[in-house]
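Participant: Sharing a structure here in structure tokens format.
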Amino acid sequence: MTSHAEENEDGEYERAVKRFKKNQEEEEEEDGEQRTEDEDGGDAAPAPGGGDRDHLSGARKHASAGKENGDDAHRIAPSPVVHVRGLCESVVEADLVEALEKFGTICYVMMMPFKRQALVEFDGLESADKCVTCGANEAVYIAGQQAFFNYSTSKRITRPTNSDDPSSGNKVLLLSIQNPLYPITTDVLYTVCNPIGNVLRIVIFKRNGIQAMPTRLNVIRNDNDSWDYTKPYLVRREQGKGRQRQAILGEHPSSFSDNGYGSHCPLLPLPGKSRYKRSSHEVPEVVAYPLPQASSYISHSSSSVAMVSGLHPSKMNCTRVFNLFCLYGNIEKVKFMKSVPGTALVEMGDEYAVDRAITHLNSIKVFSKRLSVCVSKQHAVIPSQVFELEDGTSSYKDFAMTRNNRFTSAGQASKNIIQPPSCVLHFYNVPPCVTEEELQRLCTEHDVPGFIKYKVFDAKPCSKTISGLLEFDSKTHAVEVLTVLNHYQIRIPNGSNPYTLKLCFSTSSHL
């Protein structure tokens, strides 16, 4: 005979299952809206890897409890660890810290790969409670997308190592590379990692993408998939298998000179330059990378880092530098120099992007100051001496994972028309409900010049966004508006996700 308590428990279980199914359907609808918007804007980015198996099963329990209303949130006992779901694919740990640190000090963040979820550990229950309560009562956005919160069943996130003990650091670094645009070789990884710390060995293996571990590994030959930098004379790949080609990151770190190891050479060296100088050793096969197609284009830069001076001290910051330079190539990092006020280093996707930026942005005026753009002697931007700019933002920002980079794939890059600054801006990915007056008011609110002519293109009946042209009094006014309002988040009433305003220079000289 079934007791009354058991019947209640069975009923509660059925109700929880119904709530879970409803939440899943709502989340699928939200995902559909986001995918539609992404197709209109064309800005998808690979998801970062990372996670801990000990917490994945707990995350499944959280999903079944339902996080989109306050009552369900408190069915799980309060914990300093908060389970976050509904994240966009491109979100990284820094996005969570930036959005949630207002609730309290964050001790640790753990991403759950391919699940659009994460665990965030606060320093106390009070901070976690503020986060969960706020998320239940109002929309909390992380990297431009609304997220949902609940307490975790874990009281503490298990670290990969005993991170409380500084002397117990792990020397193994696992790099998970999703959707690589170019072949990933030991040359590439060494060039990326060695400026940070001395790399001894690299082994690349393929599993859910490409992964690599610089550590104490068993390396039997030095080639594109493995390399022991302590034993440069290991057996190399047999010569003649495939064509000998040039690598995008320049000479291998084990290149020899008469006096031993050669110095680090520029990225993308000119064809014909020998990678290995010692003729008594076999020359290993190297990997080719397709060079950007351009007519009558001669590369003159030897670095993927541009140095920009003449920046307005109070009106320019890392984000605004990104908004302007992203028209000419992907932006990896931006860092303002403390020792040289008004000067910043911009690390771009390759040296060809630097060339384009120099060609089109050198000597233009922005906020009454003339920019000087040239090639930096640095080959990478290192986040050192970070300080606060006059507007209160950080002097350093990493844009490697942002969805707003416009050259992340060959298809996406082909849609970009490289244009010099002009007095006409092309705008797109704007919700249809936004009017000319609202765009004009947006300029006024951000203290930038307004446009003098407005044109909207005819949109398809099923289109969820509109596009058009804005003409300004001068090229300088257009540049300032693009610098400030490019990638501005437009929120509409009852909308689940904001629209990212996209701006670029038009091929039209006037309307």
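The values are calculated or read from the model by the stated rules, or taken from the named source; none is laboratory data. Remember, it's a predicted structure, so these values are computed and weren't measured experimentally. We place every Cβ from the backbone using ideal geometry, glycine too, and count neighbours over all the protein chains shown. The protein model used for the area step is the full one, side chains on, heavy atoms only, and it has no ligands, DNA or RNA in it. Shrake-Rupley method; radii C 1.70, N 1.55, O 1.52, S 1.80 Å.
Participant: With +1 on each Lys and Arg Cβ and -1 on each Asp and Glu Cβ, how big is the dipole of the range 390-447 about its Cα centre, in debye rounded to the nearest 20?
Facilitator: The dipole magnitude comes to about 500 debye.
Participant: Can you grab the distance from the C-alpha centre of the range 459-511 to the C-alpha centre of the range 112-153, Å, no decimals?
Facilitator: So the two Cα centres are separated by 32 Å.
Participant: So what are the ³J(HN,Hα) numbers for the range 328-343, from phi and the Karplus equation (6.51, -1.76, 1.60; θ = phi - 60°), rounded to whole Hz, Gly and Pro as x?
Facilitator: 10, x, 5, 10, 8, 8, 10, 9, 7, 8, 5, 7, 10, x, x, 10
Participant: Cβ neighbours within 10 Å, averaged per peptide: list 334-341, 323-330 in order, most packed at the top.
Facilitator: 323-330, 334-341
Participant: Could I ask something else about it? Placing +1 at every Lys and Arg Cβ and -1 at every Asp and Glu Cβ, with all other atoms neutral, what dipole size does the range 403-511 have around its Cα centre, in debye to the nearest 20?
Facilitator: Charge dipole of the range 403-511: 520 debye, to the nearest 20.
Participant: Give me a comma-separated list of calculated 3J(HN,Hα) values for the range 382-387, in order, Karplus coefficients 6.51, -1.76, 1.60 applied at θ = phi - 60°, integers in Hz, x for any Gly or Pro.
Facilitator: 9, x, 10, 6, 6, 9
Participant: While we're looking at this one, here's another question. Would you grab the residues whose amide H sits under 5 Å from the one on V430? Only those 5+ places off in sequence or on another chain, please, with H modelled 1.01 Å from N.
Facilitator: For V430, whose amide H was placed from the backbone, the distant partners under 5 Å are I466.
Participant: Continuing with this model, one more query. With +1 on the Cβ of every Lys and Arg and -1 on the Cβ of every Asp and Glu, and nothing else charged, how large is the dipole of the range 328-483 about its Cα centre, in debye rounded to the nearest 20?
Facilitator: Magnitude of the dipole: close to 360 debye.
Participant: On a 19 Å Cα-Cα criterion, which of the cross-link pairs K365/K475; K115/K333; K171/K397; K338/K475; K365/K415; K415/K502 come out too long?
Facilitator: K115/K333; K171/K397; K338/K475; K365/K415
Participant: Same structure again: In percent, how large is the relative contact order of the range 97-146, given Cα pairs closer than 8 Å and 6 or more residues apart?
Facilitator: Rounded, it is 32 percent for the range 97-146.
Participant: Rounded to whole Hz and in sequence order, give me ³J(HN,Hα) for the range 406-413 from the Karplus expression 6.51 cos²θ - 1.76 cosθ + 1.60, θ = phi - 60°, writing x for Gly and Pro.
Facilitator: For the range 406-413, the Karplus-derived couplings read 10, 10, 7, 8, 4, x, 5, 5 Hz, x marking Gly and Pro.
Participant: Return the long-range amide H neighbours of S79 (sequence gap of 5 or more, or a different chain), with a cut-off of under 5 Å between placed amide H atoms.
Facilitator: Placed amide hydrogens put S152 under 5 Å from S79.
Participant: To continue, here is another question. If you roll a 1.4 Å probe over the heavy atoms of the protein chains, what accessible area per residue do you get for the range 368-500, in Å²?
Facilitator: 53 Å²
Participant: So what is the relative contact order for the range 409-511, in percent, with contacts set as C-alpha pairs under 8 Å and at least six apart?
Facilitator: Relative CO of the range 409-511 lands at 40 percent.
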